[in-house]
Amino acid sequence: MTQISILGCGWLGLPLAKKLIEKGNSVKGSTTSESKLPILKDAGINPFLVIVESENISENITDFLAESEILIIDIPPKLRAVSSESKKVFVQKIENLIPFIEKSSVSKVLFVSSTSVYGDENELITEETRPNPETESGKQLVLAEAILQKNQNFETTILRFGGLIGEDRHPVKFLAGKENLENPDAPINLIHQKDCIAIIEEIINQSKWNEVFNAAAPFHPSREKYYTQKAKEQNLVLPKFSSEKSNIKKVISSEKIKTVLNYQFKLENY
């Protein structure tokens, strides 16, 4: 049995914790909402109210990390403002967390990142592609990755997910009925929640640490074709794309996931 702490039991972290417990692991899970503590407890998770801020962190962070071998960090940047005061908020949160990890029993860290760390160059993106983020959240993710990777007190694996989808989450719901959408020919780079969880399981089971993995299903139809079809299937107002807008040809390759982890995607055609 492995003791695992999951910082951020949200859309991905909660079902991940349940699956890890199902496989015989002991899991501590954090939430920033006191009302969610009973939900975590009912799922068999040892619940903790942990709030990580740029300058402060909850006192129980020490107990949250205690006796755990693995820490999974799954807290998204959630950055919309780009003012000078907010530009390093997420990075500062990670920097604030580091000393507590160093003092704990944690020897392995899995950091959930995003393929938004790559730019929109028209090319096939692999783990060897140099990050060139265009969004503020992408920029902070790159900095956070580097901070964790260079720390010699623990081993860190970076897992960069494409667009997250699941039974209760699909981007077509936000695109339905919209007009003049950009990049109709751009390929989609999505990954299902079930694959996210299974890939994390494999990284842990196979002890693949000090690695970087891109994770997007090998299914890349154009945005216009894919979202039009999904809107039809869900009886939504069809989105309308503009061919006059710039087209991006970025494709996220998951060949490393398939070869190094010997992983076969569970859901390729979403």
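Values in this text are rule-based calculations from the coordinates and carry no lab data. In this text, all values refer to a predicted model and were calculated from it rather than measured experimentally. Cβ coordinates were reconstructed from backbone atoms using ideal geometry, including for glycine residues, and neighbour counts include every protein chain displayed.
Values for this structure:
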read-out: Efficiency of FRET from Cβ geometry, Ala43 and Glu211, R₀ 25 Å, rounded to 0.05; value: 0.30
read-out: Listed peptides 39-49, 213-223 by packing density, highest first (mean Cβ within 10 Å); value: 213-223, 39-49
read-out: Dipole of region 1-140, positive direction: furthest Cα of Val106, Ser26, Phe64, with charges on the beta-carbon; value: Ser26
read-out: Mean Cα-pair separation over length for region 1-105, i.e. relative contact order, pairs under 8 Å, 6 or more apart, %; value: 30 percent
read-out: Förster-model FRET efficiency, 51 Å R0, Lys232 and Thr259, C-beta, rounded to 0.05; value: 0.90
read-out: Residue exposure sequence - Asp168, Asp185 - by fewest surrounding Cβ within 10 Å; value: Asp168, Asp185
read-out: Relative contact order %, region 152-265, counting alpha carbon pairs below 8 Å whose residues are six or more apart; value: 40 percent
read-out: Debye, to nearest 20: dipole size of region 154-270, +1 on Lys, Arg Cβ, -1 on Asp, Glu Cβ; value: 280 debye
read-out: Neighbour-count order for Arg130, Arg160, fewest beta carbons within 10 angstrom listed first; value: Arg130, Arg160
